[in-house]
Every structure is written in C-alpha cells, then in structure tokens.
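A single structure is presented below for examination.
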Amino acid sequence: MIDDKFKSLEKIIRNYMRKNRIPGFSISIFQEEEIIYSKGFGARDLENFLPMTPHTLIGIGSITKSITAFGIMKLIEDGKIKLEDSVSKYLNFAPFNSHQDITIEHMLSHSTGIPAADAGLSSLYYIFDDYTRVYPATNYDDFIAHIADPEDYIIFKPGEKFFYNNDMYTCLGFIISQNTGSDYAKFIRKEILEPLEMNRAVFSKKDFENDPLNDKITGYLTKTQDGIAVPKKNPVPLYEYLNAPGGLYVSTEEMMNYTQCLLQKGIYKGQRLLSEHSIQELWTPRISSPYGFGENPQYCLGWVKDKTYLSTEIVHHGGGLGTSCAHYALIPDRRIGVMVGQNSCIVNSSIIVRAVLSILLDLDPMQEVEELRLQHLIDEIEGNYKSSHDLYNMKVALKKGVLMADIEVDDGPMSYPILLKDLNNLDFMICGTLPPIKQNIRFIRNPKSKKVEFAAFDRYLYRKI
C-alpha cells in the first residue's frame, strides 16, 4: 500500500520536474520511528551527468533559521540569555540601542517592526552577476551601518507588523558568538550538528568543496531564454553573513536526524539536546504571517505554523538561495517529517511537501494542493481556439507565470491576464483593465470526452483546435 502511494508521488515529482525544468530533486520522509522513503531524482550536475541522491548536499536557505532558533534556545536553557531580553543588551548599535523595546523574541519571530534592508544578500547579487545593487555590506562595520542607516523606515512598534528580515537572524548569529566565545558556525556544529550526527552538513565554501562523498549540488540560477524560464549553471552562495539566516548545506537524509530529535521532543538517540518546553516555545505562534499553506498562518520562532491545512497542525519552513531551494515540514502529532530540496529555484518546492503530506494522510494531492490542481487545469485550457468560420482567434498560454488570453473580437485584438473565478464552472475573469471587463471567459468540456473543447467570451464561442 505504501509502495503504491510512493509510485503516485514519484509520478507527481517527475511531472513537476519536467514542467519546471528542475535539474535535480531530493526527498526524504520520516514517519513514526524511521525513514520510510528517501530518493533522488534527476541530476545534481547536468553537464557531468551526476545523479541527485538523498545524500547530496543542498543549500536549504531559510530552513537554517529553525536551527539558529534551536541554538538560541540552548543558550536560554544555559541561562546565558532570555527571550525577553532587549537586543540592545548584546548589540549596542542602531537600530537596537535606539529601540530598546526590541527583544530577542521579536528577532526570532520577524516581529521587530524593522523592514528588510538586505545587508546580507549583497553577496548573492554579485555571485549571480547582478550589479544593479552595489552597496557596502561586506564586513561587520559595513553590515551594521547598513541596517542602522534607514532608521526613519522604522515606523511600527515591535509586535505590530510582520517584516521577514534575514539581517535580524544574522544579528542573532552575532548574539550567539558574543555569548559563547565561538563563531556561529562552530557553535552550531558542536552543539547541534555533531550530536545529531549531521557530520557532512557545512556552512563554508572550503567544507562544501571538500565533502568526503563528493556528493554536492551544482547550482542552477533561473534565467530567461526566448521568453522561457530555464536553469543556468551558477556558483552557489556561501557567505558568512548568510550563515544564521540561511547558509546551511545538508542532505535531505541527514535532515531526518534533526527530524527525529524534534519529533522526540528534543531527544536524539537517548541524548537530550533541548527540553520539551523549549521545543514547544519554538512552535508557539507569535505573529500572523503571509507565508503558509492554509488560512491565517502564524510565524513562531524560526518556524511557520498552519493549524487548519489538511485538517491538522503543521510546522514548516521553506528556503531559497537562488541556485537551490528546499522545504521542510513536520506533523508532530502524527510523527511525520518531510524534507525536499532541489538545485534550482524556478518554482516553490513546498508543492511536493504538501503532496507528500496529503498522501500520508490518505488525501488526494490533486485536490489538496492548489498548484497541482491549477496546473492540471491550465494544461487543459492552454492552446489555440477559433470562432465559427475561423473569423476570430483566441490563444490561452502561461507567460512568465501569468495566464494570458489573446482574444480577437469584432472590435479588434486584446490581450489580458486571466484569473480563475469559479473552478466548477471553469470561469476565468479578465484582470488589469480600467474600466473592468465584466464578461468572463468560460471554458466548456465535451460531455463525452470530458476534455475542454470550447471557450465562450462575450458574444463568441471559440473551439479548441
């Protein structure tokens, strides 16, 4: 039975990769007490025909934030810091010394009220050959000056507004270093990665290049070629100020050790790394967030919590570094964990995580995962249509992620984005017009074949050719 489930999952993954031109994909699934599925698809290196495996090191981006938060909780348990401490107690520079009501808890939950200034992302721009944004942020003094300068943009009080802010996590890394006498990466390795036997996980370029298995991704950046998003080989980013917010490279299978620890409420192979209370603190909602699967997702401490998606509670986080992206999700009550990663960021990998969770909960992913359902519908309606006597044409196509309708009528041609309005009736509304066009485009299935055969708009009926 479980094998049949994985066969359906593998078909979804292959179709997802083909549709989005993803070079390689890795997935590992944990349930109850063990890894129940772990596999690689496609290539970790296209040019050298090297396969992606569940042991391939992949940049997991912002999933690293959960590990940074884990590290902060260890310092709290050691009595070195407190969640409610003012950040200014540890970082005596603006904007913290001028906003002393900002706490470590606010930083962990992106609720400082400080909008992103992206000091730590400068390295990504340059390694991706993007010099449209050049600014000094490559050393400590430049970094703190960059986040301090736009103080007039801080118009919200802590806790009032969710601003996802990578630089706040870099600053949490500074706090870890200050309170341990060790740099962030060394502390995380000693206190978390080594006890979890995540021995190949790395932060530095040197360690990445010297991986003992030589099983690591070649990164592929998304570029546009002839109007199509395609992967293009590019160096992967490895940079000190990205470490705490998103710098870890790890295999999906090693992440199952972390999964086991979290699902066992802080214990891994008999060793307690964190208290059950601290694990629950990590998963306690702090502020509403736009990043989630269902209605009203909440940001916790390095985690997002969805309380209603698939009628269960899910904690999760995604991450992207341009040349790789990943998603990680747990259903603690069901003792389920899923980790996926890919060496391209053309599309959000959470699609596959949600498909996996649906399958494990005996639900139909084609119904539960909106993107899969919509992609199937788009595949059905895309194409060319003609009115009677071949007088007028209609073309429906996905262009740069936007579904477009190019329509000819008696008043001439028009081209507009269209948006699903009613799935049951296959009604699409026309967007972006002033005054608004009130007529919808309705696609009509052949009652026998069940395939889309017609499109009705205004006074015309177009047949698919």
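The values are calculated or read from the model by the stated rules, or taken from the named source; none is laboratory data. All values reported here derive from a predicted model rather than from experimental measurement. No Cβ is skipped: glycine too gets one built from the backbone with ideal geometry, and neighbour counts run over all protein chains shown. Surface accessibility is based on the protein's heavy atoms, side chains included, excluding ligands, DNA and RNA. Shrake-Rupley method; radii C 1.70, N 1.55, O 1.52, S 1.80 Å.
Does the range 230-248 contain at least one residue that is assigned to a loop (DSSP other than H, G, I, E, B) and at pLDDT below 95?
Yes, because at least one residue in the range 230-248 is assigned to a loop (DSSP other than H, G, I, E, B) and at pLDDT below 95.
Take the residues in the range 358-392 that are more than 14 Å from Phe454 (Cα to Cα) and more than 28 Å from the chain's Cα centre (by Cα); name whichever of them is least open to solvent (accessible area, probe 1.4 Å).
Of everything passing the filter in the range 358-392, Leu391 is least open to solvent (accessible area, probe 1.4 Å).
Select from the range 154-169 the residues that are open to solvent by less than 10 Å² (accessible area, probe 1.4 Å), in a helix (DSSP H, G or I) and not charged (D, E, K, R) and list them in ascending order.
Result: Met168, Tyr169.
Listed residues Leu398, Leu403; which is out of contact with any strand residue (DSSP E or B) (no Cβ under 7 Å at 6 or more places or on another chain), within 30 Å of Ser8 (Cβ to Cβ), surrounded by 11 or more Cβ atoms within 10 Å (Cβ to Cβ) and of a type outside the set (Gly, Ala, Ser)?
Among Leu398, Leu403, only Leu398 is out of contact with any strand residue (DSSP E or B) (no Cβ under 7 Å at 6 or more places or on another chain), within 30 Å of Ser8 (Cβ to Cβ), surrounded by 11 or more Cβ atoms within 10 Å (Cβ to Cβ) and of a type outside the set (Gly, Ala, Ser).
Give the residues of the range 298-318 that are farther than 16 Å from Leu262 by Cα and open to solvent by 10 Å² or more (accessible area, probe 1.4 Å), sorted by residue number.
Across the range 298-318, the qualifying residues are Gln298, Lys307, Thr308, Tyr309, Leu310, Ser311, Thr312, Gly318.
Which residues, counting only those in the range 292-335, are more than 18 Å from Ile27 (Cα to Cα) and aromatic (Phe, Trp, Tyr)?
Scanning the range 292-335 gives Phe293, Tyr299, Trp303, Tyr309.
Results for (1) in contact (Cβ under 8 Å) with a residue 24 or more places away in the chain; (2) exposed (fewer than 14 other Cβ atoms within 10 Å of the Cβ); (3) part of a helix (DSSP H, G or I), shown as yes or no for each residue.
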{"site": "Met107", "(1), (2), (3)": "yes, no, yes"}
{"site": "Ser111", "(1), (2), (3)": "yes, no, no"}
{"site": "Asp118", "(1), (2), (3)": "yes, no, no"}
{"site": "Ser123", "(1), (2), (3)": "yes, no, yes"}
{"site": "Tyr131", "(1), (2), (3)": "no, yes, no"}
{"site": "Pro136", "(1), (2), (3)": "no, yes, no"}
{"site": "Phe143", "(1), (2), (3)": "yes, no, yes"}
{"site": "Ile147", "(1), (2), (3)": "yes, no, yes"}
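Test of understanding: among Thr64, Thr103, which residue is touching a helix residue (DSSP H, G or I) at 6+ places or on another chain (Cβ under 8 Å), modelled with pLDDT of 95 or more and over 30 Å from Asn214 (Cβ atoms)?
None of the others qualify; the one that does is Thr103.
Cβ contacts < 6 Å: first residue more than 16 Å from His317 (Cα to Cα), restricted to the range 267-290; second residue of a type in the set (Gly, Ala, Ser), any location; separation 6+ or different chain. Result?
Close Cβ pairs (under 6 Å, with a partner that is of a type in the set (Gly, Ala, Ser)) amount to Arg272/Gly266; Leu273/Gly266; Leu274/Gly266; Ser275/Gly266; Glu276/Gly266.
Conditions first: (1) touching a Leu at 6+ places or on another chain (Cβ under 8 Å); (2) part of a helix (DSSP H, G or I); (3) open to solvent by 10 Å² or more (accessible area, probe 1.4 Å); (4) not hydroxyl-bearing (Ser, Thr, Tyr). His55 passes all but one, so which condition is the exception?
Tallying (1) touching a Leu at 6+ places or on another chain (Cβ under 8 Å); (2) part of a helix (DSSP H, G or I); (3) open to solvent by 10 Å² or more (accessible area, probe 1.4 Å); (4) not hydroxyl-bearing (Ser, Thr, Tyr), His55 fails exactly one: (2).
Of all residues being charged (D, E, K, R) and touching a strand residue (DSSP E or B) at 6+ places or on another chain (Cβ under 9 Å) in the range 406-428, which is surrounded by the most Cβ atoms within 10 Å (Cβ to Cβ)? Just the residue, please.
Checking each candidate, the answer is Glu408.
Got at least one residue in the range 193-202 being more than 24 Å from Thr53 (Cα to Cα) and touching a residue at least 60 places away in the same chain (Cβ under 8 Å)?
For the range 193-202, residues more than 24 Å from Thr53 (Cα to Cα) and touching a residue at least 60 places away in the same chain (Cβ under 8 Å): absent.
If you check every pair at least six apart or on different chains, which have Cβ atoms under 7 Å apart with a residue in the range 205-216 that is surrounded by 11 or more Cβ atoms within 10 Å (Cβ to Cβ) first and a residue that is assigned to a loop (DSSP other than H, G, I, E, B) and not charged (D, E, K, R) second?
Taking only residues 6 or more apart or on different chains, the pairs are Lys205/Leu238; Phe208/Leu238; Leu213/His55; Asp215/Thr53; Asp215/His55; Asp215/Thr56; Lys216/Thr56.
Identify, please: which residue in the range 432-455 is within 19 Å of Ile407 (Cα to Cα) and exposed (fewer than 14 other Cβ atoms within 10 Å of the Cβ) and is, among those, nearest to the chain's Cα centre (by Cα)?
Gly432
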